[in-house]
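In what follows, a structure is listed as structure tokens, so that the remarks can point back to it.
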Amino acid sequence: MSTPFFSHAIIGGGLLGSSVAYHLSRISKNASIAVLERGSSLDWAAHGNTRYSTGLITSSHASEAGRFMVGQTFADLEDLKGLGFDANFRRVGCVEVGLSLTPSSPPLGPLGNILHFEGWHKAFADPSKPASFDDFLVSEQFARDGCVSPTDLAACYRNAARKMNPALDVRFDSDVVAMEGEDMVELTTADGSKIRAGTVINAAGAWVNSAAGAPAASSVPVGLMRADYWMMRAPRPIPASTPLLTLPGAYIKPGGGDRVEIGTYRDEQVVYGHADEPADQEDNEVESIMCKLELLKTFIPDIEEYAPVHYTSAKTTYTPDGMPVLGRVGGGTGGVDSGGGVFAVSGCNGYGVTWSGGLGRIVAEAVLGVKNVPAELDAGRYEGWTEEEVKKGAAEKRRTKFGVWPPEEQGGVSANA
Ligand SMILES: Cc1cc2nc3c(=O)[nH]c(=O)nc-3n(C[C@H](O)[C@H](O)[C@H](O)COP(=O)(O)OP(=O)(O)OC[C@H]3O[C@@H](n4cnc5c(N)ncnc54)[C@H](O)[C@@H]3O)c2cc1C
């Protein structure tokens, strides 16, 4: 039997692999696409980041590329719904608070406690007019922001792709263990099956550098770091109008009733060598709240009365400039050993959900030859960097996401990419 051929093979059926499959199918209805996912159809989500993600979709990005990518995600949510696949996005708004405060600033006054403030609904009464608060700074607020289940969104992308392109072949239980080839790439899965593809899109998330024995020449310039958050139980119900909140060093997602998820950015980031490496035992789960206790107390004075309910942690990819890395890493054209034929999508810097639509579209347009990858996202920008420099820069970017507390610089400037 001859080896099946696909114009595009996507390694990884997480959110990004699914979004790429959708955008390839949208642009080129005749593309022959295979998605190879090592998880089974029942548990695929448990294998990657998408399952563990908080699922925030937020608009505050300093770069034009960042704003384009989230804009595409919002457009996709509407288009997916139009195709009959509703990802149940929950629009609650997002507020970036407190970047002008210092630890010596007076208490938050009437605001008092950002999780028990009754005035948030007024902030979004007229989304065209920013709300003003006398006693603290809201540096940005976005009425359109909210959250989604990332696994539902991934399923919507895949199902919509199949609706447009019935020949789309999603293969679960397909752990890609080898890739080789010159003119076209041959992929081998753990059960010995093979397929050939014109272009391989490596969307293996945190495993981007270990999937398929990825050749050193196509090593993707990312740092691998733990992202984690606690679901907590508040001592009293949190008003339903409370938006998503970002603080200088933490993010907060009210979860309904008395539940809230709090994620922090540690001052000391551990950079891992492999996505399956165990987390540092010294730096335990509780540390993820304790390390930002002073910050949290400033904005949520009764934080010590909150009870931890559930801890979630996974490893995710960051870059020194906070932007994704896309492209034919290694620049080779003569086969996978020199980096040719394999297109990576990685380095989502905690925005893999937020930017999923834009990333899927940019990758699809690039591999179909419709548009080049924008220079600020091209993996080639890290040529000449050592692995150590990339890892160190990526750790610094993660540490300073949304700013730091206590502030290292005055001026209330967002560290957002
Ligand atoms: C705790 C946490 C909170 C987060 N919160 C947010 C948030 O609020 N907002 C936001 O925008 N982003 C957030 N992120 C980031 C976002 O979730 C990720 O960027 C996104 O899910 C990445 O999707 P992905 O498809 O690239 O990776 P994954 O979901 O990891 O998918 C990769 C897939 O590849 C498969 N795979 C790996 N190797 C192979 C192989 N050899 N063969 C076949 N398949 C393979 C895996 O099984 C997996 O399913 C968060 C991340 C974490 C960890």
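Given (1) surrounded by fewer than 16 Cβ atoms within 10 Å (Cβ to Cβ); (2) assigned to a helix (DSSP H, G or I), where does Ala212 come up short, assuming only one miss?
(1)
Taking into account only those residues within segment 17-31 that are crowded, with 18+ Cβ neighbours inside 10 Å and among the hydrophobic types (A, V, I, L, M, F, W, C), which is nearest to the ligand (Cβ to nearest atom)?
Only one residue fits best here, namely Val20.
Which numbered condition trips up Lys81, out of (1) in contact with a helix residue (DSSP H, G or I) (Cβ under 9 Å, 6 or more places away or on another chain); (2) modelled with pLDDT under 95; (3) among the basic types (Lys, Arg)?
(2)
Filter segment 233-252 for residues that are outside any loop (DSSP other than H, G, I, E, B) and surrounded by fewer than 23 Cβ atoms within 10 Å (Cβ to Cβ) and give the result.
Selection gives Arg233, Tyr251.
Report, by residue number, each residue of segment 272-297 that is open to solvent by less than 50 Å² (accessible area, probe 1.4 Å) and not in a loop (DSSP other than H, G, I, E, B).
Within segment 272-297, the subset open to solvent by less than 50 Å² (accessible area, probe 1.4 Å) is 272, 275, 279, 283, 288-289, 291-293, 295-296.
Of everything in segment 272-297, those that are open to solvent by less than 50 Å² (accessible area, probe 1.4 Å) and not in a loop (DSSP other than H, G, I, E, B) turn out to be Tyr272, Ser288, Ile289, Leu293, Leu295, Leu296.
Condition check: farther than 30 Å from Leu187 by Cα, open to solvent by less than 30 Å² (accessible area, probe 1.4 Å) and either β-branched (Val, Ile, Thr) or in contact with an Asp or Glu (Cβ under 8 Å, 6 or more places away or on another chain) (or both). Does Ala34 satisfy that?
no
Restricting to segment 143-168, name every residue that is more than 15 Å from the ligand (Cβ to nearest atom), of a type outside the set (Lys, Arg) and closer than 10 Å to Phe85 by Cβ. Walk me through it before giving the result.
The initial filter retains those residues of segment 143-168 that are more than 15 Å from the ligand (Cβ to nearest atom), namely 143, 159-160, 162-168.
Applying the additional criterion that residues be of a type outside the set (Lys, Arg) yields 143, 159-160, 164-168.
Matches in segment 143-168: Asn159, Ala160.
Just to be sure I understand the filter: pairs with C-beta atoms under 6 Å, separated by 6 or more residues or on different chains, first member in segment 281-293 and touching a residue at least 24 places away in the same chain (Cβ under 8 Å), second member surrounded by 14 or more Cβ atoms within 10 Å (Cβ to Cβ) and acidic (Asp, Glu). Which pairs pass?
Cβ pairs passing all conditions: Ser288/Asp228.
Considering segment 33-44 alone, what residues qualify as being more than 7 Å from the ligand (Cβ to nearest atom) and at pLDDT below 95?
Here is the first cut: in segment 33-44, the residues more than 7 Å from the ligand (Cβ to nearest atom) are 33-35, 40-43.
Listed by number, the residues that qualify are Ser40, Ser41, Leu42, Asp43.
Return yes or no: is Ile201 within 12 Å of the ligand (Cβ to nearest atom), open to solvent by less than 20 Å² (accessible area, probe 1.4 Å) and farther than 30 Å from Ala34 by Cβ?
Taking the combined requirement at face value, the residue does not satisfy it.
Can Ala46 be described as open to solvent by 10 Å² or more (accessible area, probe 1.4 Å) and not in a loop (DSSP other than H, G, I, E, B)? Write out each step before concluding.
Details: open to solvent by 10 Å² or more (accessible area, probe 1.4 Å): yes; not in a loop (DSSP other than H, G, I, E, B): yes.
So Ala46 fits the description; yes.
Regarding segment 215-229, can at least one residue be identified that is acidic (Asp, Glu), exposed (fewer than 15 other Cβ atoms within 10 Å of the Cβ) and within 11 Å of the ligand (Cβ to nearest atom)? Reasoning before the result, please.
Within segment 215-229, the subset acidic (Asp, Glu) is 228.
Of the ones still in play, those that are also exposed (fewer than 15 other Cβ atoms within 10 Å of the Cβ) are none.
There is no residue in segment 215-229 that is acidic (Asp, Glu), exposed (fewer than 15 other Cβ atoms within 10 Å of the Cβ) and within 11 Å of the ligand (Cβ to nearest atom).
The values are calculated or read from the model by the stated rules, or taken from the named source; none is laboratory data. Small disclaimer: the values here were computed from a predicted structure and weren't measured. Cβ: placed from backbone, ideal geometry, glycine included. Neighbour counts: every protein chain shown. We work out accessible area using only protein heavy atoms, side chains counted, and drop any ligands, DNA or RNA first. Shrake-Rupley method; radii C 1.70, N 1.55, O 1.52, S 1.80 Å.
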